[in-house]
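The values are calculated or read from the model by the stated rules, or taken from the named source; none is laboratory data. Everything numeric here is computed off the predicted structure, so don't read it as measured data. All Cβ positions, glycine included, derive from the backbone under ideal geometry; neighbour counts span all protein chains shown. Side chains included, ligands, DNA and RNA excluded: accessible areas come from the protein's heavy atoms. Shrake-Rupley method; radii C 1.70, N 1.55, O 1.52, S 1.80 Å.
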Amino acid sequence: MKLLLHLSIFFTILFISLPSSHSSSSNDKNALLQIKKALNNPPLLSSWNPQTDFCTTWTGVECTNGRVTALTISSGEISGQIPAQVGDLLELRTLDFSYLTHLTGNIPHTITKLKYLDLLRLKQTNLSDYIPDFISELKSVTFLDLSFNQFTGPIPGSLSQMPKLDAIQINDNKLTGSIPNSFGSFVGKVPNLYLFNNKLSGKVPESLSKYDFNAVDLSGNSFTGDGSMFFGRNKTTIRVDLSRNMFEFDLSKVKFARSIVSLDLSHNKIFGKFPRELNKLRLEHFNVSYNHLCGKIPSGGLLQTFEPSAFSHNLCLCGTPLKAC
């Protein structure tokens, strides 16, 4: 009797779960067809035929156990806005709309339903308006790339509330204002900061000095004040680019991490002399041109291997590879 009861329960559960799984998969397929329709049935998505298996034959679609886990639509003649139906692909881990210059509008709020999303790349499109605060509701995202768009307004301070972020890549937009004070209190990892080629300005919050960033690129903005908080002898920073701003600090007082391999401080108002420890760095890229530096370039390290242009247009620098002192 107990055996019959157990078998009955087993088959009941099996009967219930199978339609549910099929229904979820069917919902994904319907969402994809709605996305195609919202994008005006573009040739790029011609393989999205309702009569075929969306997991194996549809361009840009990847599945795991019959559920859509990656959607990549890139490099094609796509016009319109990001369809709200992307939020119905509830198992999505990767969402990538890139190199679509006729994709307009903003990011739909329905994206917040994607609780498992790991990678969000909306790169080189014509998306505009503010970067919405609700992006921070995507707590599983590790990589955020909104670069090469037309986004305006301030950087959302709420980005600091995304605990798993490895990188914030919002370069090459039209963002204004300063770096949010909330970036001095990331709730999880310390992400790489790629904020270059925007219209950002003001001083960098001093609170960022406590962080050990792997890479920071603030180049091509209008930042002022002290930018030396990104350096520190005990840090493990690899790449720092503060070029083409209006930073103003004494280079001779900066302590550099031995890990730095790329350093660009060109086109600022940095003054003082070269600290000798720069010679101890295994630099692969280096540029301090167009500043107010003075004194002799230390010898005995890799500094002499760089072109004179990396040191040019300073106040009174001398020594190899420039003229003798």
Antiparallel %, DSSP beta bridges [both residues in the chain], to 5: 5 percent
Hey, what do the phi angles of the stretch 65-77 turn into as Karplus ³J(HN,Hα) couplings, whole Hz, using 6.51/-1.76/1.60 and θ = phi - 60°, x for Gly and Pro? 6, x, 10, 6, 10, 8, 10, 10, 10, 8, 6, x, 7
Which loop-located trypsin sites (Lys or Arg not before Pro) does the stretch 254-300 contain, where loop means any DSSP state but H, G, I, E or B and the Cβ has at most 10 other Cβ atoms within 10 Å? Arg282
I need the phi-derived Karplus couplings for the stretch 155-171: 6.51 cos²θ - 1.76 cosθ + 1.60, θ = phi - 60°, integer Hz, Gly and Pro marked x. 6, x, x, 5, 4, 5, 9, 9, x, 10, 4, 8, 8, 10, 10, 10, 5
Residues whose modelled amide H sits under 5 Å from the amide H of Ser47, counting only those 5 or more places away in sequence or on another chain, are Thr59
Any GluC sites (Glu not before Pro) in the stretch 219-325 that lie in a DSSP loop and have at most 14 other Cβ atoms within 10 Å would be Glu284
Once the Cα atoms of helix 2-38 and of the chain are each reduced to a long axis, what angle between those two axes, in degrees from 0 to 90 to the nearest 10, is obtained? 60 degrees
Glu91: net charge of surrounding residues, Cβ under 9 Å, Lys/Arg +1, Asp/Glu -1, itself excluded? +1
Please state the charge dipole magnitude for the chain, taken about the Cα centre, from unit charges on C-beta atoms (+1 on K and R, -1 on D and E), reported in debye and rounded to the nearest 20. 880 debye
Virtual paramagnetic centre 7 Å along Cα→Cβ of Tyr99, amide N under 19 Å, in the stretch 29-47: 42-47
Consider the candidate values (1) 1.01; (2) 1.29; (3) 0.90; state which one is Cα Rg over 2.2 N^0.38 Å computed from the structure displayed. (2)
Keeping all protein chains in place, calculate the accessible area per residue for the stretch 209-325 (probe 1.4 angstrom), answer in Å². 47 Å²
How many nm is it between the label spots at Thr110 and Ser128, if each spot is 7 Å from the Cα in line with the beta carbon? 2.3 nm
So which aspartates and glutamates can Lys269 reach, going by Cα to Cα under 14 Å and dropping same-chain residues fewer than 8 places off? Asp226, Glu248, Asp250
A correct Karplus calculation of ³J(HN,Hα) over the stretch 289-302, with 6.51 cos²θ - 1.76 cosθ + 1.60, θ = phi - 60°, whole Hz and x for Gly and Pro, returns 5, 6, 9, 10, 6, 9, x, 8, 6, x, 9, x, x, 8
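Considering only Cα-Cα distances, which of the following residue pairs are longer than 18 Å: Lys139/Lys235; Lys199/Lys253; Lys123/Lys174; Lys29/Lys164; Lys139/Lys174; Lys210/Lys255? Mind showing how you got there, number by number?
Values: Lys139/Lys235 27 Å; Lys199/Lys253 29 Å; Lys123/Lys174 14 Å; Lys29/Lys164 29 Å; Lys139/Lys174 25 Å; Lys210/Lys255 14 Å.
Over 18 Å apart, Cα to Cα: Lys139/Lys235; Lys199/Lys253; Lys29/Lys164; Lys139/Lys174.
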Long-range amide H partners of Gly202 with built H, under 5 Å: Thr224
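Leaving out ligands, DNA and RNA, what percent of the accessible area of the stretch 258-298 is carbon and sulfur, probe 1.4 Å?
Working: 940 of 1940 Å².
Looking at the stretch 258-298 in its full context, I get 48 percent from C and S.
Round to a whole number: what % of the accessible area of the stretch 135-253 belongs to carbon and sulfur, probe 1.4 Å? The partial results should precede the final answer.
Working: 2120 of 4340 Å².
Solvent-exposed carbon and sulfur of the stretch 135-253 make up 49 percent of the total.
If each residue of separation counts as 0.36 nm, what is the full-extension length gain between Asp166 and Gln150 once their alpha-carbon separation is subtracted? Display every interim value, and only then the final one.
On the way: separation 16, 0.36 × 16 = 5.76 nm, distance 2.30 nm.
That works out to 3.5 nm of additional length.
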